[in-house]
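Working notes, beginning with the structure itself.
Coordinate-derived values only; no laboratory data. From a predicted model like this one, the values you see are computed outputs, not experimental measurements. Note: ideal-geometry Cβ built from the backbone for every residue, glycine included; neighbour counts use all protein chains shown.
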Number of protein chains: 2
Amino acid sequence: MRIGVLGTGVVGQSIAGRLVELGHEVTMGSRQAGNEKAVAWAAEAGDGAGEGSFADAAGFGELVVNATAGGASLEVLEAAGAENLAGKVLIDVANTLDFSQGMPPRLSVSNDDSLAEQIQRAFPEARVVKALNTVTASVMVRPGALGKSSNLFICGDDEGAKAQVSEVLQSFGWSAERVTDIGDISAARGPEMYLPLWLRIYGTLGTAEFNIGVITRQ
Amino acid sequence: MRIGVLGTGVVGQSIAGRLVELGHEVTMGSRQAGNEKAVAWAAEAGDGAGEGSFADAAGFGELVVNATAGGASLEVLEAAGAENLAGKVLIDVANTLDFSQGMPPRLSVSNDDSLAEQIQRAFPEARVVKALNTVTASVMVRPGALGKSSNLFICGDDEGAKAQVSEVLQSFGWSAERVTDIGDISAARGPEMYLPLWLRIYGTLGTAEFNIGVITRQ
């Protein structure tokens, strides 16, 4: 599949790299074509990897991944262009952590709204699915290192889009029965507001390489 | 030990009942002594169970449990009396769910504050420990039904208080290595803000009898 990955950070590079490895054609998007990190990534990732502007990447992709910082995501998607997102599955991986007032970070949106909802409202023709924001980049793309009982929560308004995202996640190594569909796009408040707990568990364990598994009665 | 449990709902009754079963003397507190539910509970729970006002229960307890609704907790603790809480371990089990604007509920406090912090600020001489708000009442007091790998997060400013709460939790059946101390009282934002995700998992599973376990690299 042709996939556009917006963002050149650790999350964008991890997802884009894994997608190329799985045989997809990937264009990494950044503010301007020729971004140093994106060019270096594309050279190293090899066949199937390219780079360009946010609009180039979104236009290229049949599926688009928002791997930018939450505070920048709406602006980035505006630059990518509504016409380049219309009708496409848009996986929103971003978190709304705001470090501007020091540690611990605040969430810039929470409670009765979420970033995923803001994106869906701003781009009504995109088929937004929230996914992967609850784990660190290395776990996103190689969950098997944590065994088979950790969960990944997805949500969105479009059933077909969620099914397609679930397939991509399974190709990363997530068990089908652990990709948990928690409902429509407003459910994104759940995984987004989980971040303060995630950060505290991270601080306690001293490693970001963890996840949670849902445990029911035996 | 003598324990005061504030609140007569399912959470209060579950915790108070389990504590009596474990051999503690428990006074259940409510707005007025003679509360119908508290009287019925005390009669059924038998030896060691009593009831009274919030102040009676807090005064009686060497340890106090806040098992009231989050929106009422500060007022309840005011009625219990700062002098009856001073120097004592106060386990805050409450969630700040506000259903007044419909479903899904909002959190009445979140992001850069939490109920546990509000309680600690209002009652500086109490030794507040946040615990148990991340699971349903039956799981709180009998976690073994979910196996041994689910986690319970505790936090607070007083190390001795957390150690004492951990002992109580272990007597309920929580594994010592799964009672996870995530830090000072401000860490309570984590487990409190986890509730929207908890509610969505609950909706997906169709049962509240679940918990999450932290999974690290094998």
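In table form, for the structure just shown:
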| item | result |
| --- | --- |
| Semi-axis lengths, Å, segment A:1-85, gyration tensor of Cα atoms, sqrt of 5 times eigenvalues | 18, 13, 11 |
| Other-chain or far-sequence residues with amide H under 5 Å of B:PHE210's (modelled H) | B:THR136 |
| Overall Cα dimensions of the protein assembly as shown - principal axes, largest extent first, Å | 74, 36, 35 |
| Residue pairs, from the table A:LYS37/A:LYS130; B:LYS88/B:LYS130; B:LYS88/B:LYS148; B:LYS130/B:LYS162, whose Cα atoms sit over 18 Å apart | A:LYS37/A:LYS130; B:LYS88/B:LYS148 |
| Derived scalar couplings ³J(HN,Hα) [segment A:2-11; Karplus, 6.51 cos²θ - 1.76 cosθ + 1.60; whole Hz; x for Gly, Pro] | 8, 10, x, 10, 8, x, 10, x, 4, 5 |
| Other protein chain Cβ atoms within 10 Å, averaged over every residue that makes up B:138-144 | 1 |
| Nearest-first distances (nm) between copies at A:GLN101, label 7 Å from Cα via Cβ | 1.8 |
| Peptide B:198-204 - average C-beta neighbours from other chains (10 Å radius) | 6 |
| Using a 7 Å Cα-to-Cβ projection, B:PRO124 label spacings across copies, nm, ascending | 5.4 |
| Chain A, relative contact order in percent, only Cα pairs under 8 angstrom and at least six apart counted | 17 |
| Part-to-part distance (alpha-carbon centres) for segment B:1-57 and segment A:46-62, which is given in Å | 64 |
| Amide H partners (placed H, <5 Å) of B:GLU51, local residues excluded | B:MET28 |
| Prolate/oblate/rounded call for segment A:99-150, Cα gyration tensor, a/c under 1.5 rounded | oblate |
| For A:VAL129, distant residues with modelled amide H under 5 Å away | A:LEU90, A:ILE91, A:ASP92 |
| Under the Karplus curve 6.51 cos²θ - 1.76 cosθ + 1.60, θ = phi - 60°, whole-Hz ³J(HN,Hα) for segment A:118-130, x wherever Gly or Pro sits | 4, 5, 4, 5, 6, 10, x, 8, 7, 9, 7, 10, 7 |
| Overall Cα dimensions of segment A:82-218, principal axis frame, Å, largest first | 43, 39, 28 |
